[in-house]
Amino acid sequence: EAQVTQNPRYLITVTGKKLTVTCSQNMNHEYMSWYRQDPGLGLRQIYYSMNVEVTDKGDVPEGYKVSRKEKRNFPLILESPSPNQTSLYFCASIPAGVKNIQYFGAGTRLSVL
Amino acid sequence: AQTVTQSQPEMSVQEAETVTLSCTYDTSESDYYLFWYKQPPSRQMILVIRQEAYKQQNATENRFSVNFQKAAKSFSLKISDSQLGDAAMYFCAYQEYGNKLVFGAGTILRVKS
């Protein structure tokens, strides 16, 4: 089954404790991205990757890092989480040649205390 | 930068009736895609309908249809014969070919029985 898998689905952590949210897709998609969803703001792009070893900032990259060492994986790293990073996070991927549709993961609810 | 505006934070509709959700966007591009996504309480992002800007014909998917007014930069979603399962947050989104999605703030749709 074609899917984008995020883990964990829920995470509660404390300020300053490094964490990683994993994202994996089994569709051989080149383009992957991370969004955060906040009330009244919709979803905003954090980082994206056009292909392996190619990443770039989205609209709200501060406080986040990403890496793309393999085509299927695109982890989101919070090196020193802060309460303002409490949010709902989505990973998404786009197939090559059909760039008008995005496949979303199920979301990760993160709370930073 | 492209922006997407959903001016209705909340809407209500009686079961079996019709409701229209509004969306306007701002862009200087001529070729792009527009989407409506549904987000139920499960938080999953579900694609409802998409419209390609170069197509004048309004997209339709069963009970869901859009009114796409390119000159006015308007993209409203009409839900006919509303059902309890339609209750959700609805996001309007804009995408240039191959690039990120820009989302509106969302509209919560409540369906009354």
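Since every read-out is calculated from the coordinates, none of them should be taken as a lab result. As the structure is a computational prediction, the values presented were derived from the model and not from experiment. Note that we place each Cβ from the backbone using ideal geometry, even for glycine, and neighbour counts take in every protein chain shown.
Considering chain A at the alpha-carbon level, its Rg and Dmax are found to be 13.2, 42 Å. State whether the stretch B:1-70 is rounded, prolate or oblate according to the following rule on the C-alpha gyration tensor (a ≥ b ≥ c being the square roots of its eigenvalues): a/c under 1.5 gives rounded; otherwise a/b larger than b/c gives prolate, and the remaining case gives oblate. Prolate. First select every other residue whose beta carbon is under 9 angstrom from the beta carbon of residue A:59; then total the charges, Lys and Arg +1, Asp and Glu -1. That sum, taken over residues with Cβ under 9 Å, equals +3. Partner shielding of B:100-109 amounts to 5, given as the average count of beta-carbon atoms from other chains within 10 Å of each residue beta-carbon.
For the protein assembly as shown, the Cβ-based charge dipole about the Cα centre amounts to some 480 debye (Lys, Arg positive; Asp, Glu negative; other atoms uncharged).
Over chain B, Cα pairs under 8 Å with separation of 6+ residues give a relative contact order of 37 percent. Apply the a/c threshold of 1.5 to the C-alpha gyration tensor of the stretch B:40-113 and tell me whether it is rounded, prolate or oblate. Here the stretch B:40-113 falls in the oblate category. Straight-line cross-link partners of residue B:78 among the lysines, defined as a Cα under 30 Å from its Cα and at least 8 positions apart when in the same chain: A:99, B:38, B:55, B:70, B:100, B:112.
By the gyration tensor of its Cα atoms, with a ≥ b ≥ c the square roots of the eigenvalues, what is the shape of the protein assembly as shown: rounded for a/c under 1.5, prolate for a/b over b/c, or oblate? Prolate shape, in that a/c is at least 1.5 and a/b is the bigger ratio.
Using a simple spin-label model with pseudo-atoms 7 Å out from Cα toward Cβ, residue A:53 and residue A:80 lie 3.0 nm apart.
Count Lys and Arg as plus one, Asp and Glu as minus one, and take only other residues whose Cβ is under 10 Å from that of residue A:81; the net charge is then +1.
For the segment B:35-44, counting C-beta atoms of other chains within 10 Å of every residue's C-beta and taking the mean gives 3.
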